[in-house]
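Beneath this line is the structure, given in structure tokens, with notes to follow.
The values are calculated or read from the model by the stated rules, or taken from the named source; none is laboratory data. None of these values were measured; they are calculated from a predicted model. All Cβ positions, even for glycine, are placed from backbone atoms using ideal geometry, and neighbour counts span all protein chains on display. Ligands, DNA and RNA are excluded from the accessible area calculation, which covers all protein heavy atoms including side chains. Shrake-Rupley method; radii C 1.70, N 1.55, O 1.52, S 1.80 Å.
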Amino acid sequence: MAMVDDAQQTPAEAAPFFAALAGLACETVEAGQLDPAIGLPTAVTAMESAEALGYPSYKLTGTKALHALLTGEVERAIGLARRAVETNDDRIGRADDLATLARAHMADHDNRSARAAIAEAEKAVPWWPRVKATRARLDV
């Protein structure tokens, strides 16, 4: 938070911090560590700030997908997560987006698609916490 509040930062320097704050807010809500009434609006404000400061919108697609899932917009979450998977060239980020896609499919009562998504994530980073937790939920 201190980095986000640093008045000496340029917009280009501040934008990634707002993007990270948005993702962190969503992830802590998902983990049950932050009240959704606080975390979800914080995520929206942080995403809007990041984009206003020039952060590429497509790089926020995974966060937007998780936010949609957390707010019950399952179909939107599936579409955004698919787009995030297609555009993410970072191995861990892509696996995280696949975990979001799997969780969105689970919320849509489509465990077959969820298993396919999480299996793809496991090929890249089976040790990633959201990948492991999603697999555990599917194996129940």
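Taking the Cα centre of region 23-110 as origin, work out the dipole magnitude from +1 charges on Lys and Arg Cβ and -1 charges on Asp and Glu Cβ, in debye rounded to 20. Mind dumping the intermediate values first?
On the way: 8 positive and 14 negative charges, 29 e Å.
With only Lys, Arg, Asp and Glu charged at Cβ, the dipole is about 140 debye.
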ask   = Expressed in nm², what is the orientationally averaged projection area of the convex hull enclosing the Cα positions of region 93-140?
value = 2.6 nm²
message = With a 1.4 Å probe and all protein chains left in place, how much accessible area per residue does the chain have, in Å²?
response = 55 Å²
query = Using the scaling law 2.2 N^0.38 Å as the reference, what is the normalised Cα Rg of the chain?
reply = 1.04
task = Enter the Cα centre distance for the pair region 8-68 and region 105-136, rounded to the nearest angstrom.
result = 23 Å
